[in-house]
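Following: one structure in structure tokens, then a few remarks.
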Amino acid sequence: LVGSEMCIRDRLKQLEVQNMQQKENAIFKDASKSPLKKRDIKGFKGLNFFPVDSSFIVSATLVKIKDAPTFKMATTTDRNPLYKEYGILTFSLLGKNCTLTLYQSQEDLENQNSKDNLFLPFTDATSGNESYGGGRYMDLLITDEKSDGTILLNFNNTYNPYCAYNEKFSCPITPRKNHLDLAIKAGIQVFEKH
């Protein structure tokens, strides 16, 4: 019974990820919402994703950082939004111990609708080849943290910053300390112009 419960849970996660991917493609096809350049929308057939893989869904221990200073995060433009380090995530992935820093935007914190948003940028061994060189992002919420101090990371839900499609966008640059020395073959792949 335990094995079948795991299969059902994995299938539900797979459907959740596929639903997210369909929504993402719908946004990119809609000229009024798409980050793509007009010439790229015309031939757009859909974003490329790695196959959904449940081994890239991991439970991470979250250690919050108390009284973290506000800093200006570098971006792809001269914009410098204010962020704080929210916490340190530790987890095991593909047999390796990993650590990533989780961030909180000060702009989000001041907005009632986005005050629970957390930001996880990272690069990995696929960055610059199979995935965007500047890294990928994962969105999390403060409310995602469980009572035991863990938070579920689903790398199948990672996405590219909009500047991967159009340089007019200003996107946070992934801090060096958020590099994973393994290949995260999950989530969105590098954008191929058609």
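Restricting attention to the stretch 90-124, report how many residues are among the aliphatic types (A, V, I, L, M) and in a loop (DSSP other than H, G, I, E, B).
1
Of the residues in the stretch 40-64, how many are open to solvent by less than 40 Å² (accessible area, probe 1.4 Å) and of a type in the set (Ser, Thr, Tyr)?
Looking only at that region, the number is 0.
Could you check the stretch 85-124 and list, in sequence order, the residues that are open to solvent by 20 Å² or more (accessible area, probe 1.4 Å), acidic (Asp, Glu) and within 24 Å of Glu167 (Cα to Cα)?
Glu107, Asp108
Under 6 Å between Cβ atoms, which residue pairs at least 6 apart in sequence (or on different chains) link something in the stretch 23-50 that is under 21 Å from Cys171 (Cα atoms) and of a type outside the set (A, V, I, L, M, F, W, C) with a partner that is assigned to a helix (DSSP H, G or I) and open to solvent by less than 100 Å² (accessible area, probe 1.4 Å)?
Qualifying pairs under 6 Å: Lys33/Ile27; Ser34/Phe28; Ser34/Ile41; Pro35/Tyr162.
Looking only at the stretch 153-172, count how many residues are open to solvent by 50 Å² or more (accessible area, probe 1.4 Å) and touching a strand residue (DSSP E or B) at 6+ places or on another chain (Cβ under 6 Å).
The number of residues fulfilling the criteria is 1.
So how many residues does the stretch 49-72 have that are assigned to a loop (DSSP other than H, G, I, E, B) and either within 27 Å of Lys185 (Cβ to Cβ) or under 16 Å from the mean Cα position of the chain (by Cα) (or both)?
4
Of (1) under 25 Å from Ile184 (Cα atoms); (2) open to solvent by 80 Å² or more (accessible area, probe 1.4 Å); (3) modelled with pLDDT of 90 or more; (4) not acidic (Asp, Glu), Met6 satisfies all except one. Which?
(3)
Exactly one condition in (1) open to solvent by 70 Å² or more (accessible area, probe 1.4 Å); (2) touching a residue at least 40 places away in the same chain (Cβ under 8 Å) is not met by Leu182; state its number.
Exception for Leu182: condition (1).
Go through the stretch 60-75 residue by residue and tally those that are under 19 Å from Thr158 (Cα atoms) and at pLDDT below 95.
Total meeting the criteria: 1.
Looking at Asp78, is it outside any strand (DSSP E or B) and acidic (Asp, Glu)?
Spelling it out, Asp78 is indeed outside any strand (DSSP E or B) and acidic (Asp, Glu).
I need a count of the residues in the stretch 125-145 that are surrounded by 15 or more Cβ atoms within 10 Å (Cβ to Cβ), part of a loop (DSSP other than H, G, I, E, B), touching a helix residue (DSSP H, G or I) at 6+ places or on another chain (Cβ under 9 Å) and of a type outside the set (Phe, Trp, Tyr).
Residues flagged as surrounded by 15 or more Cβ atoms within 10 Å (Cβ to Cβ), part of a loop (DSSP other than H, G, I, E, B), touching a helix residue (DSSP H, G or I) at 6+ places or on another chain (Cβ under 9 Å) and of a type outside the set (Phe, Trp, Tyr) within the stretch 125-145 amount to 2.
Determine the pairs where a residue that is free of Cβ contacts under 8 Å to residues at least 40 places away in the same chain, located within the stretch 60-81, has a partner that is aromatic (Phe, Trp, Tyr) with Cβ atoms under 7 Å apart, the partner being 6 or more residues away or on another chain.
Here the result reads Lys64/Tyr86; Ile65/Tyr86; Phe71/Tyr83, each pair linking the stretch 60-81 to a residue that is aromatic (Phe, Trp, Tyr).
The values are calculated or read from the model by the stated rules, or taken from the named source; none is laboratory data. Note that the structure is predicted; figures quoted are calculated from it, not measured. Counting neighbours? That spans all protein chains shown, and the Cβs are built from the backbone with ideal geometry, glycine included. Note: areas computed on protein heavy atoms with side chains; ligands, DNA, RNA excluded. Shrake-Rupley method; radii C 1.70, N 1.55, O 1.52, S 1.80 Å.
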